[in-house]
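Heads up, the thing below is written out as C-alpha cells.
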Amino acid sequence: MNQEYIVDSARTFESIVIIFNPNSTGDAPELAQQLHQRLKEVLSYEPEIILQPTEHAGHAVDLAREAAAKGGDVLVVSVSGDGGYNEVVNGVMQAGNPRAVCAVRAAGNANDHSRIIATKPLEEAIAEGRVHNIDLLQIHTGQKEDEPLEYAHSYIGFGLTPVVATELEKGSKGALKEMVTVIQTFSKFEPFGVRLPDGKRHKFDSLVFANIREMAKYATLSDADEHPSDGKFEVIIFPHMPKWRVLLKALKATTQGLGDQPSVSSYEFTTLKPLPYQMDGEVKSVDANVKVKVECAQGALATLG
C-alpha cells in the first residue's frame, strides 16, 4: 500500500464554507472563528468565507450539500470530530459537484481521521491549494434507488470493536482506565451472526472495515499505509471466541496493534437479525435479511491538509 496521493494542480476557491456546531461541548465555535480569521490573513485572494453553524443533529449533511450544490470551486470545512466530518462528507458527496473539496479542522472527542491523515496546518494547506483525492468506504444497506448511499471517511464497524472504541473515547485517559473500559464493555456484549456469500452462517464478535489504521487514538487495527488512496480497505474480523480471548485481542489493539490484515475492494454479507453499526462513530442500523455490501470508492473525496 505505497501508492501516493493523486495530486491536482494548486486550486483557489470561490467560496469557503466552515461548518461547526455552536453548542459543541468542545472548542468548535472558537476554532471555527479562528480559522475564519486566519484564512483572511493568509490567503492571497479573497474568496467568500462563510461561518455556517448547525442547528440540529444531521444538519451538517444538508448544509454541506447546499454549499457544494451551488457549483464551482467550493471548499467545505468541518470543524468537528469524526462524526461531524462524516456528515459533511456525505453532504458533499450527495451534491455531485466534481469541483467541491472537503477538509476537517479537528474539534471534539474523536479526531482519528485528522490525526492520521493531516500533514500540515489546515490554513497552510488551504493557502497552498494542493488538492488530492482519497478513498471513501461506501455501504449498501438495502437503500431504495432514490435514497443516497452512505459513505465513511475512516471506518465502518459491526459488533464489539467499534463499541469499545467509542467507549474509550468517552472515558478518561490512561492505559489502566482504558483497560477497565474494555472489560466493562465486552462483558455485556453478545456476538452477532451473518450469512456470507458462500451460504454459510458465521458468528462474529466484531467486523470492522477500515480506511485508516487507527481508531479512538489508541486502537491500532492494522499495519496499513496511513494514506487511504490505493482502492482497498482492511477487514478486521474477530470470529466468535471465548470472552477471555476476545479481551486479549481487544487489549492487543490498544497496546501493540493487530498487525497485518487482509485488504479488499469489497465485502458483502447478509444480516440475520437487525444489526446496529457505526460509521466514523455515527450509529446506524440495518434490518434483518438485508444484503450489506461495503465497497471502496477509490479517489471519491477531494480534500486537502
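Yes or no: SER78 among the hydroxyl-bearing types (Ser, Thr, Tyr) and in contact with a strand residue (DSSP E or B) (Cβ under 8 Å, 6 or more places away or on another chain)? When the stated conditions are applied, SER78 passes them.
State which residue pairs qualify: first residue modelled with pLDDT under 90 and inside the range 182-195, second residue part of a loop (DSSP other than H, G, I, E, B) and open to solvent by 60 Å² or more (accessible area, probe 1.4 Å) in any location, beta carbons under 6 Å apart, and separation of 6 or more residues or different chains. Final answer for the pair search is PRO191/HIS240.
Annotation: ASN289 fulfils all but one of (1) open to solvent by 80 Å² or more (accessible area, probe 1.4 Å); (2) assigned to a strand (DSSP E or B); (3) modelled with pLDDT of 85 or more; (4) not charged (D, E, K, R); the unmet one is (2). Candidates in the range 196-236 are the residues that are at pLDDT 85 or above and of a type in the set (Gly, Ala, Ser); of these, the one that is surrounded by the fewest Cβ atoms within 10 Å (Cβ to Cβ) is GLY199. Among the residues making up the range 263-280, a single one is acidic (Asp, Glu) and within 11 Å of ARG195 (Cα to Cα): GLU268. Out of all the residues in the range 50-106, which are part of a strand (DSSP E or B) and farther than 23 Å from GLU128 by Cβ? Of everything in the range 50-106, those that are part of a strand (DSSP E or B) and farther than 23 Å from GLU128 by Cβ turn out to be GLN52, PRO53. In the range 121-141, is there at least one residue being over 20 Å from GLU295 (Cβ atoms), modelled with pLDDT under 60 and of a type in the set (A, V, I, L, M)? The answer is no, given that none of the residues of the range 121-141 is over 20 Å from GLU295 (Cβ atoms), modelled with pLDDT under 60 and of a type in the set (A, V, I, L, M). Within the range 120-147, the set of residues being assigned to a strand (DSSP E or B) and of a type in the set (A, V, I, L, M) comprises VAL131, ILE134, LEU136, LEU137, ILE139. Condition test on ASP27, is it within 22 Å of GLU123 (Cβ to Cβ), at pLDDT below 95 and charged (D, E, K, R)? Yes. Pairs under 7 Å by beta carbon, first residue open to solvent by 30 Å² or more (accessible area, probe 1.4 Å) in the range 22-48, partner among the basic types (Lys, Arg) and part of a loop (DSSP other than H, G, I, E, B), six or more apart or different chains? Listed pairs, sorted by first residue: none to list. Taken together, VAL88, VAL17 contain a single residue that is closer than 24 Å to GLY157 by Cβ, surrounded by 18 or more Cβ atoms within 10 Å (Cβ to Cβ) and β-branched (Val, Ile, Thr), which is VAL88. Among what's in the range 268-286 and is exposed (fewer than 13 other Cβ atoms within 10 Å of the Cβ) and part of a strand (DSSP E or B), pick the residue that is modelled with the highest pLDDT. Per the stated criteria, the residue is SER285. On inspection, VAL163 does not qualify as at negative phi, within 16 Å of the chain's Cα centre (by Cα) and either part of a loop (DSSP other than H, G, I, E, B) or modelled with pLDDT of 90 or more (or both).
The residues in the range 49-85 that are surrounded by fewer than 18 Cβ atoms within 10 Å (Cβ to Cβ), modelled with pLDDT under 95, over 18 Å from ARG11 (Cβ atoms) and small (Gly, Ala, Ser) can be counted, and the count is 2. Looking only at the range 142-160, decide whether some residue is at pLDDT 85 or above, under 30 Å from TYR45 (Cβ atoms), of a type in the set (A, V, I, L, M, F, W, C) and open to solvent by 30 Å² or more (accessible area, probe 1.4 Å). There is no residue in the range 142-160 that is at pLDDT 85 or above, under 30 Å from TYR45 (Cβ atoms), of a type in the set (A, V, I, L, M, F, W, C) and open to solvent by 30 Å² or more (accessible area, probe 1.4 Å).
The values are calculated or read from the model by the stated rules, or taken from the named source; none is laboratory data. From a predicted model like this one, the values you see are computed outputs, not experimental measurements. Here the Cβ is made from the backbone with ideal geometry for all residues, glycine too, and neighbour counts use every protein chain on show. Please note that ligands, DNA and RNA were not included when accessible areas were found on the heavy atoms of the full protein model with its side chains. Shrake-Rupley method; radii C 1.70, N 1.55, O 1.52, S 1.80 Å.
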